[in-house]
Amino acid sequence: MSEHDDKPPIRLLLAAPRGFCAGVERAIAIVERALEKYGAPVYVRHEIVHNRHVVEGLKAKGAVFVNDLDEIPDATRPVIFSAHGVPKAVPAAAERMHLTYIDATCPLVSKVHLEAERHHEKGRHVLLIGHAGHPEVIGTMGQLPDGAITLIETEEDARAVTPPDAEKLAYITQTTLSVDETRGIVAILQERFPAIRAPVKDDICYATTNRQEAARAIAAHSDLMLVVGAPNSSNSKRLVEVAQAAGCKRAVLVQSAADIDWHIIRPGMTVGLTAGASAPEELVEEIIGNIAARWPVNVEQRVLREENITFKLPKALRAEAAS
């Protein structure tokens, strides 16, 4: 009999889907395949995805992360652009420096970039709903000339914005936003500007939407919600907000089991557990193991829907190209 068999069990509600999305899996595979093809070091501009555990793992394999291209000491080595996308000025600079570059931008982010360009070509001013300073927003705004995109962060921004021509206007969004918050902003824009063009298909990506819905489904039944993710991960922070809005008394973002304040968990509690799109499953398993080491635990996985989406690697890194 173990020392905690007499304690009421923790009921652990495990959200699904959770963790890695297809864009993150592709970005990590690009770095790993590039290391296989070119050998170390391979340079990566900015964090390939927003997760310290993933970044440290790739560093151990020979990836070197830099903030700017001019930090690369050897122009013969390849550089990879992160999954969040980059302004057009970045590949242009890489070409001027004669660098070999590989773009790991998520295809769903690239879709937003193409939308922005098409609206611009048709003379429309673009409103980008997103968070200032996020790499994805910087990359998207950098697809068009200065002044062609206006950033909308809040409902207040949506009420205050004065576009050049209300009849020639479109909106696009960051892919990792809160679905509910974005809906409110869009409603204001559509009321103020009836002619505004919407995306043909929602810009908030399937993975963000699915993870928010899965978190919402268990949050109202949980005394505590643990969200595995990085503090600079937009989609992970949105999961905390979604859980709180759904009625969970306490929702916290943790990078790993080491971040958990174990005093906030008590025998008999119902604990919800999910992970942002750039958080590996092994971190979730580590947390489950740590809970089970302290209390008896009953794990219930709540599957909202299955995901089977995959994205191809860039042609230069595909197995058939390598062979």
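The values are calculated or read from the model by the stated rules, or taken from the named source; none is laboratory data. Note that the coordinates shown come from a computational prediction; the quantities given were computed from them, not determined experimentally. Cβ atoms come from the backbone with ideal geometry, glycine included; neighbour counts cover every protein chain shown.
Observations on the structure shown:
Each row is one residue, and each column tells you yes or no for (1) out of contact with any Gly (no Cβ under 8 Å at 6 or more places or on another chain); (2) of a type outside the set (Gly, Ala, Ser).
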| residue | (1), (2) |
| --- | --- |
| Lys122 | yes, yes |
| Val137 | no, yes |
| Asp146 | yes, yes |
| Glu155 | no, yes |
| Ala198 | yes, no |
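A quick yes/no check of all residues on (1) out of contact with any strand residue (DSSP E or B) (no Cβ under 7 Å at 6 or more places or on another chain); (2) within 16 Å of Glu241 (Cβ to Cβ); (3) free of Cβ contacts under 8 Å to residues at least 24 places away in the same chain:
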site	(1), (2), (3)
Val161	no, no, no
Pro164	no, no, no
Ala170	no, no, no
Leu177	no, yes, no
Thr182	no, yes, no
Ala187	yes, no, yes
Ile204	no, yes, no
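- The residues on offer are Thr162, Thr175, and the sole one that is in contact with a Cys (Cβ under 7 Å, 6 or more places away or on another chain) and either assigned to a helix (DSSP H, G or I) or not aromatic (Phe, Trp, Tyr) (or both) is Thr175.
- In segment 140-159 there is at least one residue matching the filter, namely being part of a helix (DSSP H, G or I) and under 16 Å from Gly85 (Cα atoms).
- Residue count, segment 217-259 (criterion: crowded, with 21+ Cβ neighbours inside 10 Å, out of contact with any strand residue (DSSP E or B) (no Cβ under 7 Å at 6 or more places or on another chain), farther than 20 Å from Thr173 by Cβ and of a type in the set (S, T, N, Q)): 0
- Residue check, Leu99 out of contact with any helix residue (DSSP H, G or I) (no Cβ under 6 Å at 6 or more places or on another chain) and in the same structural domain as Val299 (by TED's automatic domain parsing): no
- Scanning segment 1-41 for residues that are outside any helix (DSSP H, G or I), within 23 Å of the chain's Cα centre (by Cα) and not charged (D, E, K, R) yields a total of 8.
- Members of segment 183-203 that are of a type in the set (Lys, Arg) and either modelled with pLDDT under 95 or part of a loop (DSSP other than H, G, I, E, B) (or both): Lys201
- Asp180 meets each of the listed conditions (1) modelled with pLDDT of 95 or more; (2) outside any loop (DSSP other than H, G, I, E, B); (3) over 15 Å from the mean Cα position of the chain (by Cα) apart from (1).
- Residues within segment 43-72 that are among the aliphatic types (A, V, I, L, M), closer than 18 Å to Pro314 by Cβ and outside any loop (DSSP other than H, G, I, E, B), tallied: 3
- Residue in segment 3-25 that is of a type in the set (Val, Ile, Thr), closer than 30 Å to Asn67 by Cα and either touching a residue at least 40 places away in the same chain (Cβ under 8 Å) or in contact with a His (Cβ under 7 Å, 6 or more places away or on another chain) (or both) present: yes
- Once segment 73-103 is narrowed to residues that are touching a Phe, Trp or Tyr at 6+ places or on another chain (Cβ under 7 Å), in contact (Cβ under 8 Å) with a residue 40 or more places away in the chain and not in a strand (DSSP E or B), the residue that is nearest to Pro41 (Cα to Cα) is Pro78.
- Val112 being outside the structural domain of Thr140 (by TED's automatic domain parsing), surrounded by 14 or more Cβ atoms within 10 Å (Cβ to Cβ) and not charged (D, E, K, R): no
- Annotation: of all residues in segment 104-115 being of a type in the set (A, V, I, L, M, F, W, C) and not in a helix (DSSP H, G or I), the one that is farthest from Phe65 (Cα to Cα) is Cys106.
- For segment 66-115, the candidate set comprises residues that are among the basic types (Lys, Arg) and farther than 30 Å from Ala198 by Cα; within that set, the residue that is nearest to the chain's Cα centre (by Cα) is Arg77.
- Considering only residues in segment 281-323 that are touching a strand residue (DSSP E or B) at 6+ places or on another chain (Cβ under 8 Å) and of a type in the set (Val, Ile, Thr), the one that is surrounded by the fewest Cβ atoms within 10 Å (Cβ to Cβ) turns out to be Val303.
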